[in-house]
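None of the figures in this text is laboratory data; all of them are computed from the coordinates on show. Values in this document were obtained by computation on a predicted structure and should not be read as measured data. Cβ coordinates were reconstructed from backbone atoms using ideal geometry, including for glycine residues, and neighbour counts include every protein chain displayed.
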Amino acid sequence: MKVLLIFLFTLLGMISIHYGMDLLMGFDRSIAIINLFNPFWVMTPFGYLLITVLFLSFFFSLIISFIRKKSKG
């Protein structure tokens, strides 16, 4: 559960930073919201790498916790 909450808070933080950066760059609010719902249109290669690492770390932690629970039981 902790891992899921950390993942969600990280995701919300990234979304808010992305929205704020769009507003600081001078985009209208409607364009900034459209960019939030279509993140892959505006992502850089580093963004793709970051989201991949976050998803992989989330799934690896779930698999490791499942294996540990199975070995104890």
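Picking from residues in the range 1-44 that are surrounded by 13 or more Cβ atoms within 10 Å (Cβ to Cβ) and of a type in the set (F, W, Y), the one that is nearest to I63 (Cα to Cα) is F7. Within the range 40-67, residues that are closer than 15 Å to I15 by Cβ sit with their Cβ atoms under 7 Å from residues that are part of a helix (DSSP H, G or I) and of a type in the set (S, T, Y), at 6+ positions apart or across chains, in these pairs: L54/T10.
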